[in-house]
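Heads up: the structure comes next, in structure tokens.
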6 protein chains.
Amino acid sequence: MYYPIQGTNMTTPRVATVAPVPEESATGKVAEIYADIKRTKGIAFVPNMWRVLATNPDHLELVWTRLKALMHPEAVGRPARLDPRTREIIALAVSATNGCAYCVNSHTAALRKLGMDVETLGEVLAIVGLFNSTNALADGYQIEPDVLPPLE
Amino acid sequence: MYYPIQGTNMTTPRVATVAPVPEESATGKVAEIYADIKRTKGIAFVPNMWRVLATNPDHLELVWTRLKALMHPEAVGRPARLDPRTREIIALAVSATNGCAYCVNSHTAALRKLGMDVETLGEVLAIVGLFNSTNALADGYQIEPDVLPPLE
Amino acid sequence: MYYPIQGTNMTTPRVATVAPVPEESATGKVAEIYADIKRTKGIAFVPNMWRVLATNPDHLELVWTRLKALMHPEAVGRPARLDPRTREIIALAVSATNGCAYCVNSHTAALRKLGMDVETLGEVLAIVGLFNSTNALADGYQIEPDVLPPLE
Amino acid sequence: MYYPIQGTNMTTPRVATVAPVPEESATGKVAEIYADIKRTKGIAFVPNMWRVLATNPDHLELVWTRLKALMHPEAVGRPARLDPRTREIIALAVSATNGCAYCVNSHTAALRKLGMDVETLGEVLAIVGLFNSTNALADGYQIEPDVLPPLE
Amino acid sequence: MYYPIQGTNMTTPRVATVAPVPEESATGKVAEIYADIKRTKGIAFVPNMWRVLATNPDHLELVWTRLKALMHPEAVGRPARLDPRTREIIALAVSATNGCAYCVNSHTAALRKLGMDVETLGEVLAIVGLFNSTNALADGYQIEPDVLPPLE
Amino acid sequence: MYYPIQGTNMTTPRVATVAPVPEESATGKVAEIYADIKRTKGIAFVPNMWRVLATNPDHLELVWTRLKALMHPEAVGRPARLDPRTREIIALAVSATNGCAYCVNSHTAALRKLGMDVETLGEVLAIVGLFNSTNALADGYQIEPDVLPPLE
């Protein structure tokens with residue numbers, strides 16, 4: 001009843017722990033969101049992330065709605081305080097810190113698409129590396145905060 | 001031989017697991033780095049972080065040299081590809097993801113000093129929160145990367 | 001311009017890196033969400049978490065909308081597949097793994113309110129502890145997955 | 001003396017940083033534990049995790065004893081306060097938060113074997129994602145706990 | 001029914017999300033383990049960690065049994081391959097990386113008790129900081145492993 | 001403009017999100033550091049880690065300088081307080097806790113090269129697993145530190 005890798009039909013490679021919902025079989029809410037993702041992001045296919053989330057359509061909607069509001073504010077008429085490059089830099093910093101393979105790849109791709117060269121990418125990751133180091137030091141010494149932001 | 005909290009002299013509150021090196025007793029390399037930190041950052045006191053690192057002067061030097069090169073590039077004559085605000089945004093994104101109290105406070109303070117208002121701070125953290133969520137989803141489903149950056 | 005702890009007026013203790021929006025000064029969207037939080041959760045005050053998020057009203061709305069949909073599905077007419085106790089157990093497992101003080105406290109409080117006794121809480125955390133251990137072992141040995149879920 | 005991937009004999013694919021102990025060559029304590037794992041879990045083979053741990057038999061015993069006590073309480077005559085499905089949900093929540101590939105696969109497999117459908121799996125991970133997000137927000141704003149569990 | 005901090009009787013400060021089991025009221029298995037902890041560790045009181053775990057006696061036993069076997073091997077007649085100082089260094093490295101306040105304090109205390117001076121402690125944490133940095137870089141660039149351990 | 005895995009020329013397998021700088025095309029500072037890495041570490045090729053960092057030469061220099069000072073102190077004439085085996089044990093403990101595939105492989109390789117057998121490696125990881133577990137427990141119960149190191 002378990003599924004050892006040996007016994008798996010490996011002709012179709014696995015892309016996740018569940019089978020993604022193919023674009024051609026999507027209907028109703030899933031089909032609408034797939035179309036919105038492609039239109040909003042200007043891409044020709046629906047990435048694995050969204051096709052996996054579609055296995056629970058309510059969840060797909062919750063994640064897409066929130067990501068669209070924050071990462072594509074112009075598409076929902078929300079004035080944004082950060083530009084697209086800064087937003088993707090945050091995404092990469094978080095993903096590198098968490099070590100998320102899918103996310104590091106897709107946010108690096110987004111930054112390159114926005115025109116970032118590899119030297120600048122190196123500077124982003126250098127700073128990510130630096131603060132993962134100082135975070136471990138501050139926590140490893142249990143240092144009390146003494147540089148505090150103003151409250152007004 | 002253990003040091004339960006009850007038995008501790010609490011008139012001087014603890015700021016770390018080691019006693020920081022006070023500014024007035026710093027000599028040699030430590031005194032020079034303390035002076036450089038205050039001059040480079042334009043601050044009037046040496047924060048706990050550096051006074052704790054000073055318990056191992058070589059380590060203080062390694063951390064300060066690297067942080068100065070990356071976060072104060074003008075002070076070492078290095079052309080920077082990212083502006084100070086973006087650098088501090090990365091620092092906050094990493095620190096929030098790691099849950100480092102000292103670091104969240106000091107980098108939020110730095111962003112406020114650079115002029116960031118609380119609404120924009122909220123947008124930074126909203127995006128940090130969003131990608132901590134999608135990172136857990138991509139990893140929780142073990143989704144294979146399919147949006148990859150170009151290699152040239 | 002920095003705000004060392006010594007120089008801070010400590011008569012009002014800090015509750016966050018920003019000043020929370022008090023209930024009595026909330027207006028418009030924030031006031032509506034505050035009322036919805038109290039009504040939906042059946043509580044008499046607005047916890048710090050929400051009063052801090054309210055410093056960016058759009059962000060408050062995004063987080064509350066999502067949390068309400070997932071944790072209070074009956075309030076939005078969504079049929080839930082998990083019961084409230086299981087949902088809070090997940091919240092505690094994630095929060096303990098991340099070491100989030102605010103979240104561990106509030107989700108433990110929620111579980112106790114739902115009737116969980118300390119022995120059962122101990123079993124939840126024992127299992128959280130066990131898998132934080134085996135996760136480190138599987139990653140520490142870089143073990144290839146061989147027990148895989150079915151894809152149909 | 002180093003072992004670059006180019007120089008490795010790749011006809012036997014690597015499953016870990018050490019060579020697992022095959023079932024057919026297991027003797028003594030390791031053979032007994034292998035038999036107990038298969039009997040207790042009702043499976044026909046010993047997964048990689050246990051075959052890797054067997055490279056240090058004392059360690060194999062410590063991990064198996066603890067996991068058996070917590071995840072198979074009926075096998076040791078311990079009354080459990082949580083049911084098997086809740087226990088595996090905790091395991092998945094922790095593993096997704098830590099991003100452990102081996103563990104996410106095996107605990108998703110266990111949940112599917114216990115009858116969980118993909119929609120419910122989606123709800124579990126949606127809640128895992130939600131609280132990874134709010135954890136980052138609570139830590140990113142350094143919010144003081146104000147919803148505390150009772151102590152009696 | 002919630003327990004806001006304002007409404008709490010703060011004359012007895014909280015030490016955890018549950019009330020620890022006092023030494024004087026411990027009976028049966030808990031009393032035996034408390035005695036064993038004090039005897040094995042050569043300390044005069046039972047630290048909070050164990051008094052909190054005692055709220056679920058089975059869990060207390062599981063954690064103590066495992067920690068005793070690994071950290072006090074001489075007490076169980078197990079030959080150890082690592083010395084006490086190296087074991088505590090590992091404990092600190094893990095705790096600093098996870099940012100666990102209780103653990104960083106107690107393992108730093110243990111290292112100091114074993115004779116480590118603050119300069120050496122600084123070298124331990126410098127290396128912890130270094131590899132938290134390079135981990136973020138290797139993950140942030142998604143670098144394929146090419147330096148692999150031998151399998152025989 | 002996106003780069004789905006299907007469309008990628010897979011004859012040259014990807015080793016990172018950027019193309020590493022080959023040894024044969026390295027010039028100037030990069031070539032010097034490549035030579036120093038091979039000489040200092042006594043290896044015949046430049047591992048992926050360094051060839052990827054070389055896409056931003058300043059960053060390569062910062063990371064190598066720091067790693068050399070801490071992990072190869074004899075090469076810079078710095079007296080070290082920890083021996084090479086202890087330093088690599090710390091590196092593995094951090095890397096296993098963070099789940100970094102590249103780092104776990106390379107530090108396990110380094111420990112094996114230093115003569116560590118798999119039983120001892122198992123003891124290292126057993127202790128790493130133990131404290132990832134107790135860290136989650138201490139944080140999951142929010143236990144106040146009561147075993148504190150001395151400050152003098």
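Karplus couplings for region D:139-152 from phi (6.51 cos²θ - 1.76 cosθ + 1.60, θ = phi - 60°), rounded to Hz, Gly and Pro as x?
For region D:139-152, the Karplus-derived couplings read 6, x, 9, 6, 7, 6, x, 9, 10, 10, x, x, 9, 10 Hz, x marking Gly and Pro.
Just the accessible area per residue of region B:82-152, please: how many Å² with a 1.4 Å probe?
Ligands and nucleic acids excluded, the result is 21 Å² per residue.
So for the pair F:E119, A:L114, with labels modelled 7 Å out along Cα→Cβ, what separation do we get in nm?
5.4 nm
Report ³J(HN,Hα) in whole Hz for each residue of region D:125-138, in order, from the Karplus equation J = 6.51 cos²θ - 1.76 cosθ + 1.60 where θ = phi - 60°; Gly and Pro get x.
6, 4, 6, 4, x, 4, 7, 5, 6, 5, 4, 5, 6, 4
Quickly estimate the mean residue ellipticity at 222 nm for chain C, helices only: each DSSP H run with n ≥ 4 gives -39500 (n - 2.57), and the total goes over all residues, rounded to 500.
-18500 deg cm²/dmol
Could you compute the net charge surrounding E:I143? Neighbours are other residues with a C-beta less than 13 Å from the C-beta of E:I143; K and R count +1, D and E count -1.
On the way: positive: F:R14, F:R51; negative: E:D139, E:E144, E:D146.
The answer is -1.
For the rotation that superimposes chain A on chain F, which residue of A has the C-beta lying nearest to the axis, and at what distance in Å?
Closest Cβ to the A-to-F rotation axis, residue and whole-Å distance: A:G99, 3.
When only C-alpha pairs under 8 Å and at least 6 residues apart count, what is the relative contact order of region A:18-81, in percent?
Values: 46 pairs, mean separation 20.5, N = 64.
Value for region A:18-81: 32 percent.
For region E:18-81, which whole percent of the accessible surface, found with a 1.4 angstrom probe, sits on carbon and sulfur atoms?
Here it works out to 54 percent.
Assign one of three labels to the protein assembly as shown, namely rounded, prolate or oblate, based on the Cα gyration tensor with a ≥ b ≥ c the square roots of its eigenvalues; rounded applies when a/c is under 1.5, prolate when it is not and a/b is larger than b/c, and oblate otherwise.
Since a/c stays below 1.5, the shape of the protein assembly as shown is classed as rounded.
Leaving ligands, DNA and RNA out of it, rank C:R66, D:R51, D:R81 by accessible area with a 1.4 Å probe, largest first.
Accessible-area ranking of C:R66, D:R51, D:R81, largest first: D:R81, D:R51, C:R66.
What total accessible surface area, summed over both chains, is buried at the interface between chains A and F, computed with a 1.4 Å probe and given in Å² to the nearest 100?
1100 Å²
How much net charge surrounds C:E119 when only the other residues with a Cβ under 10 Å from the Cβ of C:E119 are counted, with Lys and Arg +1 and Asp and Glu -1? It would help to have the intermediate numbers written out before the result.
On the way: positive: D:R81; negative: C:D117, C:E123, E:D58.
Result for the neighbourhood of C:E119: -2.
Can you list, shortest first and in nm, the gaps between the label point of D:K29 and those of its counterparts in the other copies, using a point 7 Å from Cα in the C-beta direction?
2.2, 4.5, 5.3, 5.3, 6.1
Which cross-chain or sequence-distant (5 or more) residues have an amide H under 5 Å from the amide H of D:V147, H modelled 1.01 Å from N in plane?
none
Pull up the cross-link candidates among the lysines for C:K29, meaning alpha carbon to alpha carbon under 22 Å and not fewer than 8 places away within one chain.
Result set, ordered by chain and number: A:K68, C:K38, C:K41, C:K68.
Among F:A109, F:A44, F:A136, which one moves the most in a GNM of chain F with springs linking Cα atoms closer than 10 Å?
Of F:A109, F:A44, F:A136, the most mobile in the Gaussian network model is F:A136.
For A:L82, what residues show an amide H to amide H distance below 5 Å, using hydrogens built from the backbone and excluding near sequence neighbours?
Distant-sequence amide H within range of A:L82: zero hits.
So how much accessible area does A:M71 have, in Å² to the nearest 10, using a 1.4 Å probe?
For A:M71, the solvent-accessible surface is approximately 20 Å².
Return the FRET efficiency for the residue pair F:T27, B:V76: r is the Cβ-Cβ distance, R0 is 25 Å, and the value is rounded to the nearest 0.05. Write out the running numbers ahead of the final one.
Numbers: r = 23 Å, r/R0 = 0.91.
Result of the calculation: an efficiency of 0.65.
Can you list, shortest first and in nm, the gaps between the label point of C:D83 and those of its counterparts in the other copies, using a point 7 Å from Cα in the C-beta direction?
0.7, 5.4, 5.5, 5.5, 5.7
When the solvent-accessible surface of protein heavy atoms is calculated with a 1.4 angstrom probe, in what order do E:E74, A:E88, D:E123, C:E61 fall, highest first?
Largest accessible area first, the residues go E:E74, C:E61, A:E88, D:E123.
Given a Förster distance of 22 Å, report the FRET efficiency between E:I43 and E:D83 from their Cβ-Cβ distance, rounded to the nearest 0.05.
In this case the efficiency is close to 0.65.
Going from most exposed to least, what order do F:E23, E:E144, D:E152, D:E32 have by accessible area with a 1.4 Å probe? Don't skip to the answer; put the middle values down first.
On the way: F:E23 60, E:E144 85, D:E152 160, D:E32 130 Å².
If we order F:E23, E:E144, D:E152, D:E32 from most to least accessible, we get D:E152, D:E32, E:E144, F:E23.
Tell me, what HN-Hα J-couplings in whole Hz come from the Karplus equation 6.51 cos²θ - 1.76 cosθ + 1.60 at θ = phi - 60° for each residue of region B:97-114, using x for Gly and Pro?
So the Karplus estimates, Gly and Pro as x, are 5, 7, x, 8, 4, 4, 6, 4, 4, 6, 7, 5, 4, 5, 5, 5, 5, 7 Hz.
Who wins for biggest fluctuation among C:S25, C:S95, C:S106 in a Gaussian network model of chain C, springs between alpha carbons below 10 Å?
Ranking C:S25, C:S95, C:S106 by mean-square fluctuation puts C:S25 first.
Compute the separation of the alpha-carbon centres of region C:80-138 and region C:13-40 and state it in Å as a whole number.
27 Å
Give the shape of region B:65-152 as rounded, prolate or oblate, defined through the alpha-carbon gyration tensor: a ≥ b ≥ c are the square roots of its eigenvalues, a/c under 1.5 means rounded, and otherwise the shape is prolate if a/b is larger than b/c and oblate if not.
Oblate is the answer for region B:65-152, as a/c is 1.5 or above yet b/c matches or exceeds a/b.
The values are calculated or read from the model by the stated rules, or taken from the named source; none is laboratory data. Everything quoted here is computed from the prediction, not taken from an experiment. Cβ coordinates were reconstructed from backbone atoms using ideal geometry, including for glycine residues, and neighbour counts include every protein chain displayed. Surface accessibility is based on the protein's heavy atoms, side chains included, excluding ligands, DNA and RNA. Shrake-Rupley method; radii C 1.70, N 1.55, O 1.52, S 1.80 Å.
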